[in-house]
Amino acid sequence: MRLITARTAMVCLACGVGCTNPPKPPVVDATGVTHYMTSRTKQNITCERQPIQLEGDRTELTLTGPCDFVRITGSHNDIEIDIVPGGTIEITGAHNDVTWRQIEPGPPPRLQNSGESNTFHHSGTG
């Protein structure tokens with residue numbers, strides 16, 4: 001079984017396509033931050049104003065609903081976020097492409113980037 005898993009991993013690394021993992025359930029820490037830690041997956045996440053931290057790599061994530069605070073610590077992710085007025089999107093990872101949409105009129109979100117080679121894109125107001 002280990003040999004098959006190792007061969008599959010090697011094919012995924014060599015090809016870079018077609019290899020996805022099922023999403024892992026989120027973990028909520030003692031401070032109330034919800035952590036999503038799956039890599040190489042495609043997932044829709046519903047925000048309910050709780051702080052969210054995305055820790056995976058090479059994911060395609062869509063966060064819908066009233067997202068208030070989102071931190072991205074992983075790398076090579078494509079992320080779409082519905083953000084509330086005055087919310088925060090913080091990137092500490094590298095090579096992330098984040099598209100945000102403000103769900104209602106109000107002050108723009110705080111976009112913080114302390115990582116490397118990350119991009120923010122504004123897709124309009126909802």
Quiz prompt | Summed side-chain charge close to Ile79 - residues other than Ile79 whose Cβ falls under 15 Å, Lys, Arg +1, Asp, Glu -1 | solution = -3
Quiz item: Taking H as built 1.01 Å from N, whose amide H comes closer than 5 Å to the amide H of Arg71, not counting residues under 5 places away?
Solution: Ile52, Gln53, Leu54, Glu90
Quiz item: Around Pro109, with a cut-off of 12 angstrom between Cβ atoms, what is the net charge of the other residues, counting Lys and Arg +1 and Asp and Glu -1?
Solution: -2
Quiz prompt | Sequence-distant residues sharing a close amide H with Gly87 (under 5 Å, placed H) | solution = Arg110
Quiz prompt | Rg ratio (alpha-carbon, reference 2.2 N^0.38 Å) - the stretch 20-125 | solution = 0.97
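All of the numbers you see were taken from the coordinates with simple rules; none came from a lab. Please read all numbers here as calculations on a predicted model, not as lab measurements. Using ideal geometry, Cβ is built from the backbone for each residue, glycine included, and neighbour counts are taken over all protein chains shown.
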